[in-house]
1. List every residue pair whose Cβ atoms sit under 9 Å apart, with the two residues 6 or more apart in sequence or on different chains, where the first one lies in the range 210-227 and is more than 11 Å from Thr176 (Cβ to Cβ) and the second, anywhere, is modelled with pLDDT under 90 and of a type in the set (D, E, K, R).
2. Return the total of residues in the range 45-78 being in a loop (DSSP other than H, G, I, E, B) and closer than 23 Å to Tyr26 by Cα.
3. Which of the residues belonging to the range 135-163 are open to solvent by 30 Å² or more (accessible area, probe 1.4 Å), acidic (Asp, Glu) and closer than 21 Å to Met353 by Cβ?
4. Out of Met106, Met77, which single residue is surrounded by 21 or more Cβ atoms within 10 Å (Cβ to Cβ), touching a residue at least 12 places away in the same chain (Cβ under 8 Å) and farther than 18 Å from His254 by Cα?
5. Which ones in the range 55-70 are among the β-branched types (Val, Ile, Thr) and open to solvent by less than 10 Å² (accessible area, probe 1.4 Å)?
6. Could you tell me whether Pro239 is out of contact with any Leu (no Cβ under 6 Å at 6 or more places or on another chain), surrounded by fewer than 18 Cβ atoms within 10 Å (Cβ to Cβ) and of a type outside the set (Lys, Arg)?
7. Looking at (1) in contact with an Asp or Glu (Cβ under 7 Å, 6 or more places away or on another chain); (2) closer than 30 Å to Ala89 by Cβ, can you tell me which one Ser278 breaks?
8. Touching a His at 6+ places or on another chain (Cβ under 8 Å) and more than 18 Å from Phe337 (Cβ to Cβ), is that true of Phe192?
Amino acid sequence: MSKAYKAVIDDKLPLHSAATSYGVPYETLRYMVAEKIVPACSNLANMPIFTPEEELILMTRLIEMDELGYDLSRQEMANIANDYAIVLAQKTKDCMALSLTWFRNMLRRWPDFKAVSQRAFSVARTKSEYKEILILKVFNKLEKTLLKFDLIDKTHLISNVDEKVVAICGKDETVTILGCGNAAGSALPPYFILPGQQMNDKLLEGSPSGTSCSVSNDGWSNSEIFMDFLCNHLKTNVPGEGHLLLLLDGDKSHIPIGTLLWARRHNIILQLIPALTSNFLQPLHVSCYEPFQNDFNNMCHETIRTKRCTLSLNDICSLACKAYGSALSASNLQAGFKHTGMYPFTKDLINDMPPILSRACNSDTAKNESQLENLIDLQLLNGAIEKEGFTDINKVN
């Protein structure tokens, strides 16, 4: 920071150039130059990173997550702010992340915001008011959105995205399938997230047209992959007319502010459902993923018996595509949207929703909790191998 400040003051280097060259937040540098604060004599933890307008967007997002019941720790909130600063080019990925001290100082400008602890939320969620107040509030907001953008009868523009995870037997890896379908009964082709460093196109041979794929170290989704899903899969497969409402949970890969801003620019409304409600508010979760799991398990069992060895990654992708096609059928999708009250839109179902809520996709524990709800463990399917004397292909190779 001292070098960047000196470059601006002494060498007359433009603020943006100095911030980029020395890898420091532009807004902080601008503030220090404008206020004539010498870096060596200042406490950087007290320096603002965002403009008032940018900070309002950040706090609005954090408050929304808080109101929906997602347990964001202060560190997670600081991480969201850090990612937002990178999106705004106020800092780079190589810069030191925003600290908890910085975040606490920012919160002092928002005295009405309370970062409720996870324990407090857990207690609050056991009360009947959680369903009656929070879910009703979400349905009221959803109704306003549907009316505002003239979507109340646009079934092809009301969609839900959810994921299913398959654990690979004998390896600490998974395959994630992002599924998406709309209230009209149309499903997007599947989007796979495979473990590894490099994409192998042969793994998708025989997949339905439009099937997409990405890779991550462990096969789990992340914010960059979800952006790729939005940009290169959803956007290319959905008509460009009007606004698109996309229902999704608060998984940590879904909530970066950069994702929200991109979606707004492309007329995509990201509607988060409350925490702990996927089992009765996500259409795909309600009507499609149990059939998917049943079909996938049955096909896996049959393939194992036929091949007399464990499943390869090629097998998993092929079988998952077949199960996906039958599970995300028009009738299942339409039933899911109707059962959740999303289409035809109705609040009458709220009173019939279960008082005991399932484990949720908490942003901090999504990988260990909500995603695990959707996980199919091939270790269980391959249990028959040892009993029937089949060969374990993982050991052979």
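1. Matching pairs, first to second residue: Asn217/Glu173; Ser223/Lys252.
2. From the range 45-78, those in a loop (DSSP other than H, G, I, E, B) are 47-51, 68-73; that's our starting set.
When the remaining residues are screened for being closer than 23 Å to Tyr26 by Cα, the result is 47-51.
Selection size over the range 45-78: 5.
3. Matches in the range 135-163: Glu143 only.
4. The match here is Met106.
5. From the range 55-70, those among the β-branched types (Val, Ile, Thr) are 57, 60, 63; that's our starting set.
If the condition is that a residue be among the β-branched types (Val, Ile, Thr) and open to solvent by less than 10 Å² (accessible area, probe 1.4 Å), then no residue fits.
6. Working: out of contact with any Leu (no Cβ under 6 Å at 6 or more places or on another chain): yes; surrounded by fewer than 18 Cβ atoms within 10 Å (Cβ to Cβ): yes; of a type outside the set (Lys, Arg): yes.
Considered against the rule, which asks whether it is out of contact with any Leu (no Cβ under 6 Å at 6 or more places or on another chain), surrounded by fewer than 18 Cβ atoms within 10 Å (Cβ to Cβ) and of a type outside the set (Lys, Arg), Pro239 comes out as yes.
7. Unmet condition: (2).
8. Values: touching a His at 6+ places or on another chain (Cβ under 8 Å): no; more than 18 Å from Phe337 (Cβ to Cβ): yes.
No, not satisfied.
The values are calculated or read from the model by the stated rules, or taken from the named source; none is laboratory data. Small disclaimer: the values here were computed from a predicted structure and weren't measured. Neighbour counts run over all protein chains shown; Cβ positions are idealised from the backbone, glycine included. Ligands, DNA and RNA are excluded from the accessible area calculation, which covers all protein heavy atoms including side chains. Shrake-Rupley method; radii C 1.70, N 1.55, O 1.52, S 1.80 Å.
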